[in-house]
Structure formats: structure tokens, C-alpha cells
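Right, one structure below, let's go through it.
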Amino acid sequence: MIGRYVFSIVVGVIVTLSLLFVMQLLIVTGKTALTKPRDRAQLEFVRVRRNEALNVEDFTPEKPPPPPEVPPEAPPQEMDNVDPNAPTINVAPPQVSAETNIGGPGGMNIAEGDYLPIVRVAPVYPARALSRGLEGYVDLEFTVTTTGTVADPIVIFSTSSLFERAAVTAVLKFKYKPRVVDGVPVDVPGVKTRITFRIED
């Protein structure tokens with residue numbers, strides 16, 4: 001038991017002396033590190049002189065060419081000398097008929113006429129009907145407006161509901177010459193047409 005205490009004391013003294021020796025060594029070397037002059041790196045700057053020679057001469061643009069000379073005014077034309085004593089000739093005015101009635105069916109003039117189709121757009125074949133190999137037609141009724149467009153298309157009959165949307169879309173793209181009555185275009189309701197869907201070989 002006593003031997004352990006003696007051994008511990010000896011080891012403690014040795015560790016303490018070692019630490020003191022290391023601390024003393026650090027203090028001595030630290031002083032020399034602080035007092036030792038440092039090597040400072042010197043940087044040399046080379047300044048390049050800028051070219052300050054600038055062209056300060058005044059820039060004078062070239063003069064534009066002179067405008068073309070204005071042509072002299074034309075001399076007044078001399079009127080033919082009219083002899084007041086010259087004999088006169090009396091010419092009777094021609095007879096002009098002011099009647100503008102142009103005959104036609106029903107007594108209509110040329111400005112009047114019924115509606116006429118101008119543009120008819122082919123429908124797009126529905127993909128579902130095409131994949132099934134279906135053919136058919138759609139009967140529609142619509143109104144031709146005063147501008148020649150189609151309004152309010154209604155499906156009257158269709159062989160398959162797959163064709164109805166494509167038929168309505170195609171009819172809405174139709175163009176007509178509007179009906180003209182007394183020189184004024186009017187709407188034409190109740191116009192019927194049939195859109196046929198047929199698979200070509």
C-alpha cells in the first residue's frame with residue numbers, strides 16, 4: 001500500500017518537472033520568435049502611361065449637295081383669240097332615258113338576288129368513326145346572316161352521333177352571298193344542307 005503511494009508521488013514529480021521544462025522551453029523560443037525581424041515581401045508596381053493623345057480636331061461634315069433649282073414658272077398659256085362676230089351653230093341636246101328598271105325574274109333589279117354558296121369546307125372525319133369504319137351523313141338547318149356567315153346550326157338527323165360535332169364545325173365555316181332585298185341584305189333562316197361522311201378507297 002505504501003509502495004503505491006511512493007510510486008505515485010515519484011511519477012507526479014517527474015510529470016510536473018517535465019511540464020515545467022516544456023513551458024520554459026516554449027517561453028524562451030517564443031521571445032526569440034517575437035524579436036526576430038520578419039522578412040517582408042516587396043511588391044513592385046509598374047505603372048504604364050496611358051496614351052492620352054486624343055484626336056481633338058473638329059470634325060466638319062461635308063456639305064450636302066445643293067437642292068435642285070426650282071424650274072421657272074411656265075408662262076401663262078395664251079388663249080385663242082375668239083372672234084365675237086363668228087357665226088354660231090345650234091346643236092340640239094341628245095335625248096337620254098332616265099329609266100333604270102332592269103327586267104328580271106319576279107321584277108327584281110340587278111342589285112337584288114337570293115343567297116348563293118361561296119365557300120364550303122369539307123368536314124374532318126372523326127377518328128372514332130374512322131377506326132370503326134363507319135360511314136353516314138348529317139342533316140343540318142341553319143341561318144345565313146346578312147354578312148354571309150352561318151349562325152345557329154341545328155342537327156335535324158344524323159346516322160351516328162359521332163359525325164354531329166364534325167358536321168357542325170364544318171358548317172360554321174361556310175360562306176354565302178347574302179340575300180338582298182330592295183338593296184338591303186337580309187337573314188335567311190331555315191337553310192338546310194347534308195354533310196356526308198364516306199371513307200374513300
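Only the coordinates and a few stated rules stand behind these numbers; no lab work does. Computed from a predicted model, the values in this text were never measured in an experiment. Cβ atoms come from the backbone with ideal geometry, glycine included; neighbour counts cover every protein chain shown.
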Query - Subset of the range 127-153 (residues that are of a type in the set (A, V, I, L, M, F, W, C) and surrounded by 15 or more Cβ atoms within 10 Å (Cβ to Cβ)) - result: A129, L134, V138, L140, F142, V144, V150
Query raised in the report: Can you pull out the residues in the range 160-201 that are β-branched (V, I, T), more than 36 Å from the chain's Cα centre (by Cα) and surrounded by fewer than 16 Cβ atoms within 10 Å (Cβ to Cβ)?
Result: V181, V184, V186, T196, I199
Query raised in the report: Between a first residue in the range 159-187 that is over 20 Å from Y115 (Cβ atoms) and a second residue that is exposed (fewer than 14 other Cβ atoms within 10 Å of the Cβ) and not charged (D, E, K, R), which pairs have beta carbons less than 6 Å apart while being 6 or more apart in sequence or on different chains?
Result: A166/V124
Report task. Out of the residues in the range 163-201 that are outside any strand (DSSP E or B) and of a type in the set (F, W, Y), state the one that is farthest from A122 (Cα to Cα). Result -> F163
